[in-house]
Amino acid sequence: MTNGTQSVQRFTAKLGGEDLIVEAGKLAMQAGGAVTVRMGDTMILATATMSESIRPGIDFFPLAVEYEERLYAAGRIPGSFFRREGRPAEQAILTARVTDRPLRPLFPKDLRNEVQVVVTALSHDKEHATDMLCIIGASIALTISNIPFNGPVAAVRVGLIDGELVLNPTFSQMEKSALDLRVAGTKEAINMVECGAEEIDEATMAKALKAAHEGFQDVIRLQEEMQAAIGKPKSTYTPAKSSDALMAKMRERVTSQVQTIVAQHTDRDEREAALDDVRDLVVSEYSVEGSEGVDAVLPQDVKSAYEEVVAEEVRRRILVEGIRPDGRKVNEIRPLSAEVGLIPRVHGSGLFQRGLTQVLSVATLGTPQDAQELDGLDPDSTKRYMHHYNMPSFASGETSPMRGPKRREIGHGALAETALRYMIPPPEEFPYTLRVVSEVLSSNGSTSMASVCGSTLSLMDAGVPLKRPVSGIAMGLITDGDKYAILTDIQGLEDHIGDMDFKVAGTEKGITALQMDLKINGVSDALMAEALEAARVARLAILEVMLKAIPEPRKQLSAFAPRMTVINVPVDKIGMIIGPGGKTIRSMQDKYSVKIDIQEDGTVFVSGADGQSADRAIEQILGMTEEAEIGRIYTGKVTRIEPYGAFVEFLPGRDGLVHISQLSDHRIENIEDEVSIGDELMVMVTDIDQGGKVRLSRQAVLEDWTPEEARSRDRGGSRGGSGGGDRGDRGGGDRGGYRGGGGDRGGNRGGGGGYRGGGGNRGGGGGYRGGDRQ
């Protein structure tokens, strides 16, 4: 197939039993590498491009990975004012991050050219997710491009359905899955893991990781085939690595001083101050013109070389001596503390501290209306549990502009949210919308896992009946290829100079969230299993400290939290509760100072500032939807008087006829001598006919009769049919139904259904006002 001078190449692979179709050569011809990746009817376009030159003064690798979510992929128009995509949604940012993470460690360490990977969603079939396709597409684009890249990588999602591992499950299958595991890696090993789980044990997790690595090998094979067939020659670049001469000179100059400082100073601030003094002294000894045989040495080159020597010494001491920078052993956790109930008026608060890392989490309870509405390509349209993570600059003793959450903050917040998601009680048991905000007040590593602990504390303090409390721990790795050390509870320096950041959250029963990022090419299955077991021991120790602060969720909600009650009403009564144009529901909300949410299945959520106001609103709602019961006594109000009897509204919107013979315990000649409109009467329901018309008796209450006795003495039974109907009904038969049987003013003016309600309302059909007035 050709497109002008472009030859379209198609390649296929199997992923979880489905065809993965990759095409190159048709779209985005000027990009360094470009492919479309398709599974089912979900398709993405992935491109990769590298700049020809290096920005002056840059001392890091400027990689940018972007995921462009287009709603046309799902046949939708954006709902914003401008009707176009704006700021990326949270899920789009998370997809970009999960695409970035397995790619970043596979670029040459000394590459400083700008590299940009852009993935665009072109089509979405609502069954196949785009995130794993993005990783695969980005890797292929880099592999066949001119960009230096030590890939390829592939990725796959793993589910656990009915106890069986499922590779590449669809959205429909994931609804029944206890595991959402996303794994990426090279041909040799895994290098990225992102996971949410419903308390999966470590052995099952290790098995799933192994299955994932084996499961995407055919996609690796496809990329190697594409590189051989259509791959471009890799571009040369100017490496930014410190010169061997400078490194040799630096090691000779500072190694002994660095060893002394690292050994003597276990306090972070003291150690950093001492190391900074040596660094500044060494930088001052060099000049741009060159010094002691080293030509054109820039200050940033000297600093980089010095920091490399420091990293070498810290890593050596951990591997050889088993001692970490702060003096801990490799499996030792920093001092822990936990506290709840710190802040007045909020619904729940928890403070968790691990060493110098300190996080304050605050929980807020809301109504179902407060759930977040999602406007992305994934099927989920709402979210009732939200976790937001903030880390201001003062948390690390720095200053920077405050410009809202960055990608890192969104990613950390999402990880902590995932850790708790499976432990949040379902809405049937706890109908509240939940939001937790974690404020990082001090940071020295593992703030996302501290947020997990703080979130658990704040939710328990708020009285949320979590299935089980959750704790989290960050693990690390130092390896020289031969020896390795797995570190428990890594701090900032260890995260910076280490080879792995491995975060695990879970309960006493199993794992609920897992995230792994590697700076090396991969880790073995045995090492992964060892890290999982060390993390299990650590998180149980942390959980023990947390439960001393609050052993179980509080039995009572905060006095400032809304009180919510859930009831169920017949679906055909929803319109009656809402009323014409929403009039009834608004009047109840105003009258009782409550919020009322009604679901399509008849579930009604009533929330108020206090329980009494919600109870009064519920009493009215139940009254409106209650069915009349023969033999039951009601207190009603006279709404209409006729010569043959009085109509009494005994339930909201529901009335019945009290025949003149049943109005008192003595003979009445004129009804108006006995009752007036607006009078309250106690009446008994004595009969309900097939059409729903209700017969009432006041005399049965006064004489203490049974319904059968009342019916036998009702002299109006044959004359007036079987009694009244819904108060608002007007159609269906004689206007004077009680005189001639069958119908009265209580018939339906329209049909049932409708927003305004079922029988007895003016509306018919299903429109907002009940459809056409019939």
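The values are calculated or read from the model by the stated rules, or taken from the named source; none is laboratory data. Keep in mind the model is a prediction, meaning the values are calculated, not measured. Cβ sites come from the backbone with ideal geometry, for glycine too, and all protein chains shown count toward neighbours. For the accessible areas, the whole protein counts, side chains as well, though only heavy atoms, and no ligand, DNA or RNA atoms are used. Shrake-Rupley method; radii C 1.70, N 1.55, O 1.52, S 1.80 Å.
For E709, put the label point 7 Å out on the Cα→Cβ axis and report which residues of segment 659-674 keep their amide N under 20 Å from it. Answer for this model: 659-668.
When the surface is traced with a 1.4 Å probe over the full set of protein chains, S396 keeps roughly 50 Å² accessible.
Helix 611-625 versus the longest principal axis of the chain: what angle, 0 to 90°, nearest 10, using Cα atoms? Between the helix axis and the principal axis of the chain, the angle is about 50 degrees.
With the helix formula -39500 (n - 2.57) applied to DSSP H stretches of n ≥ 4, the chain reaches a computed 222 nm mean residue ellipticity of -9000 deg cm²/dmol.
Averaged over residues, the count of other Cβ atoms within 10 Å places the peptides 470-478, 525-533 in the sequence 470-478, 525-533, highest first. Accessible surface for segment 37-84, divided over its residues, is 60 Å² per residue with a 1.4 Å probe.
With K and R counted +1 and D and E -1, the other residues having a Cβ less than 9 Å from that of A212 yield a net charge of +2. Working from label points 7 Å from Cα in the Cα-to-Cβ sense, the H666 to A609 distance is 5.1 nm.
Annotation: peptides 371-377, 655-661, ranked by per-residue average of other Cβ atoms within 10 Å with the highest first, follow the order 655-661, 371-377. A full extension of the chain between I641 and K483 corresponds to an added length of 47.2 nm, given 0.36 nm per residue minus the alpha carbon distance. How would you classify segment 47-166 from its alpha-carbon gyration tensor, with a ≥ b ≥ c the square roots of the eigenvalues: rounded for a/c under 1.5, else prolate if a/b is greater than b/c, otherwise oblate? Oblate is the answer for segment 47-166, as a/c is 1.5 or above yet b/c matches or exceeds a/b. Take R84, project a point 7 Å from its Cα along the Cβ direction, then tell me which residues of segment 113-127 have their backbone nitrogen under 14 Å from it. Within reach of a label on R84: no residues.
Computed with a 1.4 Å probe on the full set of protein chains, the accessible area for R616 sits at about 120 Å². Using the Cβ-Cβ distance between E127 and S381 with R0 set to 25 Å, the FRET efficiency works out to roughly 0.95. Distance between the pseudo-spin-label points of H496 and R316 (7 Å out from Cα toward the beta carbon): 1.9 nm.
Tell me the net charge near G366. Cut-off is 14 Å between Cβ atoms, G366 excluded, with +1 for each Lys or Arg and -1 for each Asp or Glu.
On the way: positive: K383, R384, R435, R563, K595; negative: D370, E373, D597.
Surrounding charge for G366 is +2.
What order, most packed first, do the peptides 27-37, 453-463 have when packing is the mean number of other Cβ atoms within 10 Å of each residue?
On the way: 27-37: 20.6, 453-463: 29.2.
Averaged packing, sorted descending, gives the order 453-463, 27-37.
On full extension, the segment bounded by I58 and N331 gains 94.6 nm, given 0.36 nm per residue less the C-alpha separation. Modelled spin labels at K406 and Q599, positioned 7 Å past Cα toward Cβ, are 4.0 nm from each other. Compared with the dominant principal axis of the Cα atoms in the chain, helix 299-316 is inclined by about 80°. Extension gain for D162-K109 works out to 14.7 nm (0.36 nm per residue, less the C-alpha to C-alpha distance).
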